[in-house]
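The structure appears below as structure tokens.
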Amino acid sequence: MSLLGPTSGTGPAPVLPFGLTPEALAAAMAEADPDGLGAAGRLRTAYGPDLAAAALHQASLRARARAKFGADADTMFFTRAGLEQATRPAVADHHAARFRGAGARRVVDLGCGIGTDALAFVRAGLEVVAVERDPDTAAVARANLAGRAEVVCADAEEVAADLLEPGVAAFCDPARRTDRGRLWRVADFTPGWDFVTGLLAGDRVAGVKLGPALPHSLVPPAVEAEWVTAGSETVEVALWAGAGAQPGVDAALLLPDDRLAVTRPLPGRPEPALPVGPVGQYLYEPDGAVIRARGLGMLADRLGAWLLDPQIAYLTGDTLVSSPFAVAFAVREVLPYDRKALRRWLRDHEVGTLEIKKRGLDVDPAELRRRLGRHGSAAATLVLSRTPAGAVALVVERR
């Protein structure tokens, strides 16, 4: 089934954004290389320069969007910044499930971007009002939602009080990108940071989506923080308040349903130190969400493992334990982190395909791989890590 779901009613087709026409967009989508000079020449001749540029830009964004949205990308509309920040469908569906599970029936999406979370809320049967300040982005959201939700082009901070009636849930994914790139300071987010955190006061069901590198010091103490991994990438931290949330909990969620939750340390109280020891028979690479959610201690207990280094998120142990929260490797050899020694080992074992993973060392794996050279047809994986006894190179095999 399409992620977009069925359209409602039999009214007129939605107005396309950027002055696009179905004919020009179809012609751009038929081009094998919408970024090429040939495509630009053909569409300028047929539709004029402005319409040709808009259609080809949209076709180019749709091609990029297929990695995130699959075949549905070919019927969606995007802005460059909106595509970069847009929530993946599986993650958006998780947001919607949390609202449904908390008893919400109506959600106001404050800063909806191109509308991907609002689409998930609609798919989940929620009533949705989507608010977007930028007129072009609001037009894109309106086209993507195709009449299934109200889209209001307004400043979220100015209309929130009117829209957030008692019992209405709030969702916010503050703008953290522009066409010039990513915004790193919360002071630069839109809506503003005080407004965003004010949604999490606990008087309503509320969720806020943020980048996974959000400093722990910025997480309000009375909310639940949930770091989410989709596929192999940790893509967000969502802050939750109100019904259904677990105040004071940091959680790692590996979609669809593997979850590890820990109680957040009290302010000013250091996290318990984990044991550190020598390289064991197995190495564990914890998932990024587990690391960000401060779940290494709980994971280490489950694995019977210890840290390779106090500041490095590699665990090691002598018993193989399967866990969705970490990739396990059998340690075959422990080598010094020395280029000559590594090259000699690769030559002796006729290794031509080399995977290099590293933490805690200032090294470019691609450059090191080039310098070590190819010595045959065998494959190997090296894990480079700092340890209290010095840097090591572990020869490992996935388990």
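Just one of the listed residues (PHE171, PHE195) is surrounded by fewer than 20 Cβ atoms within 10 Å (Cβ to Cβ), assigned by TED's automatic domain parsing to the domain that holds GLU233 and touching an Asp or Glu at 6+ places or on another chain (Cβ under 6 Å), and it is PHE195.
Quick check on my filter: what residues within the range 352-399 are buried (at least 19 other Cβ atoms within 10 Å of the Cβ), assigned to a loop (DSSP other than H, G, I, E, B) and polar (S, T, N, Q)? Residue satisfying the conditions is THR387 alone.
Would you say THR178 is among the β-branched types (Val, Ile, Thr) and either modelled with pLDDT of 95 or more or buried (at least 16 other Cβ atoms within 10 Å of the Cβ) (or both)?
On the way: among the β-branched types (Val, Ile, Thr): yes; either modelled with pLDDT of 95 or more or buried (at least 16 other Cβ atoms within 10 Å of the Cβ) (or both): no.
So THR178 does not fit the description; no.
Can you name every residue in the range 340-365 that is within 20 Å of GLU285 (Cα to Cα) and aliphatic (A, V, I, L, M)?
Of the range 340-365, the ones within 20 Å of GLU285 (Cα to Cα) are 354-365.
LEU354, ILE356, LEU361, VAL363 - these are the residues of the range 340-365 that are within 20 Å of GLU285 (Cα to Cα) and aliphatic (A, V, I, L, M).
The set of residues in the range 331-350 that are within 34 Å of the chain's Cα centre (by Cα) and either aromatic (Phe, Trp, Tyr) or buried (at least 16 other Cβ atoms within 10 Å of the Cβ) (or both) comprises VAL331, TYR337. Candidates VAL237, VAL276, VAL228, VAL290: the one that is crowded, with 22+ Cβ neighbours inside 10 Å and not assigned by TED's automatic domain parsing to the domain that holds VAL168 is VAL290.
Counting only helices (runs of 4 or more DSSP H) that fall entirely inside the range 63-162 and contain at least 1 residues that are over 23 Å from the mean Cα position of the chain (by Cα), the qualifying elements are 135-145. Listed by position, the strands (runs of 3 or more DSSP E) contained in the range 232-346 that have at least 3 residues being of a type in the set (A, V, I, L, M, F, W, C), out of contact with any Leu (no Cβ under 7 Å at 6 or more places or on another chain) and free of Cβ contacts under 8 Å to residues at least 60 places away in the same chain form an empty set. The residue that is farthest from ALA67 (Cα to Cα), counting only those in the range 214-231 that are among the aliphatic types (A, V, I, L, M) and without any contact (Cβ under 8 Å) to a residue 40 or more places away in the chain, is ALA222.
The values are calculated or read from the model by the stated rules, or taken from the named source; none is laboratory data. Predicted model only: the values in this text are computed from it and were never measured. Note: ideal-geometry Cβ built from the backbone for every residue, glycine included; neighbour counts use all protein chains shown.
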